[in-house]
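The structure appears below as C-alpha cells.
The values are calculated or read from the model by the stated rules, or taken from the named source; none is laboratory data. Here the structure is a predicted model, which means the values were calculated and not measured. A quick note on method: Cβ atoms are made from the backbone with ideal geometry, for glycine too, and the neighbour counts reach across all protein chains shown. With ligands, DNA and RNA removed, areas are computed over all heavy atoms of the protein, side chains included. Shrake-Rupley method; radii C 1.70, N 1.55, O 1.52, S 1.80 Å.
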Amino acid sequence: MSANSGGTAKIGTDWRVRARQPVGYDVRVLTGLLSPSNSALADACGTAPGRSPRCLLIVDDSVDVLHGDRLRAYFEAWSIDVKWHVVPGGEQSKNLDEVVAITEAMTGMGILRRSEKVVAVGGGAVLDVAGMAAGLYRRGVPYVRVPTTLIGQVDAGIGVKTGINHGTHKNRLGSYYAPEVALIDPEFLRTVPKRHIANGLAEIVKMALIKDAALFDLLELAVHDLDAAAFADGEPGGPAVEIMSRAIGGMLDELEPNLWEEVLERSVDYGHTFSPSLELRADPPLLHGEAVAVDMAVCVALAHNRGMLGTADADRAIGLLRAAGLPVTDPVFTTDLLVEALRDAVKHRDGEQRIPLTDGIGSATFVHDITREELGEALRFVRERAGSDTVLVRAAR
C-alpha cells in the first residue's frame, strides 16, 4: 500500500497490505566457548569497548550444576551483568507456566526491548521454552541459543521453531522465532549421559536416511565409537566431526527454503508422524529421539512393504538404530495408536498425510494413502526384526 502523489493517504474501503520481514541468523560450531579468551558468547551478548552489557540467562538446571561456575566466571571476566533464571531440563519444562515465569524474569530484570539479550543455555526443551518466551515478550526480544545436548546441537537448537506441550500433544503451542545466533560447542557433550547421546543420534540417522547416503555409511562404520568423548574430543577430519557437520549442514539446507513451513511436505518430518503421540504416552517415558527412532522403524517397514526399500537396506536401517542404542518398538505403539497419531498428523498437515518415506537410503518421497492394514503390517515387520540379532551387525563391505 502506498501514498498517492499528493502525499496524503488514499481514501477507500478496501486495502491490501504487503510486507516482508528478512530473517537471518548464524549457526556457529566452535570449541572453548566458555574460555574467557573466547569472545563469541560475549560478542553475542553485545559487548563493545566501553560498554558492559546485561543479559538474562535461562539455564537448564543440569547445566547449572555442571557448568554454572564456568558460566559465572566467563561473564565476570567480560563484565557482563547477568540475571540468572534456572529452568528444569526435559519435557516437564515445556509448559505455559514456565514460559510465563521466564517473561516475569524479563520484567523483573527490566530488559531493554532491542539492545539486551536473552541467552538460553541447555537442552532442546529449555531452548524451546526460552525461545517462545522471547518471542512473546513485548512481541519479541533478541535471544541467543547455546545448545548443550547432541539433539540440541544438530536439531532443536538450529532452527526457528519454539514450542511447548499441551495436553497429550507434543509442541501443540508454539511459534517461529529466530535466534540471533546459535553457538554450538561440542565440548558440552562430554558431560552428556550415554542415553542422551543416543537420543541425538536419532536425528542424525534421520538426516542420513532421507538425505545423505554417505552419512549413513559413515554412521554404520563409526556408530559403536560415537560416545560423549568422541564428539567432545572430535579431531578435525575425524568421523565425529564429519558426522556432526553433515547433520547440521543437511538440516539447515532443508530448513532454510521453508523456515515458516509454508510447504507442508517436509522431508525433515521423517520420524515425526507417529512419534508425537508416542512420546508423551510411553510408560516408561521415552526421550524425543527415542520416540522418533520407533517412528522411523515403522516408516522403514512401510517403505519396505511398498517396495521402496529393499530388504537388505531395511535391515541396515533398523540395525543402525539398534546399534546406536535406540529402541525400534514400544508396547504403547499399537495399530490403534498409529491410526490415531496419523489422524492428528493429517490435521497438522492441512488434510493430507504427507508422510515422508525413504525411497532408497538417502532419498525421500511423500505418500498420502497409508492404510490401517499397512500400519499393522509395518508393526509386525519391525517386531520380527527387533527379535533378530542379524540386524545388529553391519555386513562387511
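Does Leu41 qualify as being of a type outside the set (Val, Ile, Thr), modelled with pLDDT of 95 or more, part of a helix (DSSP H, G or I) and surrounded by 16 or more Cβ atoms within 10 Å (Cβ to Cβ)? Criteria met by Leu41.
Applying the set (1) of a type in the set (A, V, I, L, M); (2) open to solvent by 10 Å² or more (accessible area, probe 1.4 Å); (3) touching a strand residue (DSSP E or B) at 6+ places or on another chain (Cβ under 9 Å) to Leu221 leaves exactly one unmet item: (3).
Of everything in the stretch 79-113 that is among the charged types (D, E, K, R) and closer than 24 Å to Arg54 by Cβ, the residue that is modelled with the lowest pLDDT is Arg113. For the stretch 205-212, indicate whether the set of residues that are closer than 19 Å to Asn95 by Cβ and outside any helix (DSSP H, G or I) is non-empty. No; the residues of the stretch 205-212 include none that is closer than 19 Å to Asn95 by Cβ and outside any helix (DSSP H, G or I).
Filter the stretch 52-79 down to the residues that are within 30 Å of Ser277 (Cβ to Cβ) and not in a helix (DSSP H, G or I), then identify the one that is nearest to the chain's Cα centre (by Cα).
Asp60
Under the condition of being among the small types (Gly, Ala, Ser) and in contact (Cβ under 8 Å) with a residue 40 or more places away in the chain, which residue from the stretch 157-180 is farthest from His288 (Cα to Cα)? Restricting to residues being among the small types (Gly, Ala, Ser) and in contact (Cβ under 8 Å) with a residue 40 or more places away in the chain, the top hit is Ala178.
State all residues of the stretch 44-74 that are open to solvent by 70 Å² or more (accessible area, probe 1.4 Å) and of a type in the set (Ser, Thr, Tyr); if no residue qualifies, say none.
So in the stretch 44-74, the residues open to solvent by 70 Å² or more (accessible area, probe 1.4 Å) come out as 49-52, 65-66, 69-70, 72.
Across the stretch 44-74, the qualifying residue is only Ser52.
Would a scan of the stretch 334-355 turn up a residue that is open to solvent by less than 40 Å² (accessible area, probe 1.4 Å), closer than 17 Å to Leu201 by Cα and in a loop (DSSP other than H, G, I, E, B)? The answer is no; no qualifying residue exists.
Selection of the stretch 145-204 for residues being open to solvent by 10 Å² or more (accessible area, probe 1.4 Å), in contact with a Leu (Cβ under 7 Å, 6 or more places away or on another chain), part of a strand (DSSP E or B) and closer than 27 Å to Leu219 by Cβ yields only Lys170.
Please find, within the stretch 85-117, the residue that is most open to solvent (accessible area, probe 1.4 Å) out of those that are among the basic types (Lys, Arg) and either in a helix (DSSP H, G or I) or within 16 Å of Ala133 (Cβ to Cβ) (or both). First the steps, then the outcome.
Step one: list which residues in the stretch 85-117 are among the basic types (Lys, Arg), which gives 94, 113-114, 117.
Checking which are either in a helix (DSSP H, G or I) or within 16 Å of Ala133 (Cβ to Cβ) (or both) leaves us with 94, 113, 117.
On the way: Lys94: 9, Arg113: 107, Lys117: 21 Å².
Looking at residues that are among the basic types (Lys, Arg) and either in a helix (DSSP H, G or I) or within 16 Å of Ala133 (Cβ to Cβ) (or both), I get Arg113.
Listed residues Val82, Val141; which is farther than 27 Å from Ile197 by Cα, open to solvent by less than 50 Å² (accessible area, probe 1.4 Å), of a type outside the set (S, T, N, Q) and in a loop (DSSP other than H, G, I, E, B)?
Values: Val82 fails: in a loop (DSSP other than H, G, I, E, B).
Of Val82, Val141, the one residue that is farther than 27 Å from Ile197 by Cα, open to solvent by less than 50 Å² (accessible area, probe 1.4 Å), of a type outside the set (S, T, N, Q) and in a loop (DSSP other than H, G, I, E, B) is Val141.
One residue alone among Glu265, Glu256, Glu242 is surrounded by fewer than 17 Cβ atoms within 10 Å (Cβ to Cβ) and without any contact (Cβ under 8 Å) to a residue 24 or more places away in the chain, and that residue is Glu256.
Output yes when any residue across the stretch 310-317 is free of Cβ contacts under 8 Å to residues at least 60 places away in the same chain, within 30 Å of Tyr177 (Cβ to Cβ) and either part of a loop (DSSP other than H, G, I, E, B) or open to solvent by less than 30 Å² (accessible area, probe 1.4 Å) (or both), and no when none is. There is no residue in the stretch 310-317 that is free of Cβ contacts under 8 Å to residues at least 60 places away in the same chain, within 30 Å of Tyr177 (Cβ to Cβ) and either part of a loop (DSSP other than H, G, I, E, B) or open to solvent by less than 30 Å² (accessible area, probe 1.4 Å) (or both). Glu290 meets each of the listed conditions (1) in a helix (DSSP H, G or I); (2) over 26 Å from His368 (Cβ atoms); (3) open to solvent by 30 Å² or more (accessible area, probe 1.4 Å) apart from (3).
Of all residues in the stretch 56-74, how many are over 20 Å from Ala125 (Cα atoms) and either touching a residue at least 12 places away in the same chain (Cβ under 8 Å) or of a type in the set (S, T, N, Q) (or both)? Talk me through it step by step, then tell me what you get.
To start, the set of residues in the stretch 56-74 that are over 20 Å from Ala125 (Cα atoms) comprises 69-70, 72-74.
Those still in the list that are either touching a residue at least 12 places away in the same chain (Cβ under 8 Å) or of a type in the set (S, T, N, Q) (or both) too: 70, 73-74.
Residues flagged as over 20 Å from Ala125 (Cα atoms) and either touching a residue at least 12 places away in the same chain (Cβ under 8 Å) or of a type in the set (S, T, N, Q) (or both) within the stretch 56-74 amount to 3.
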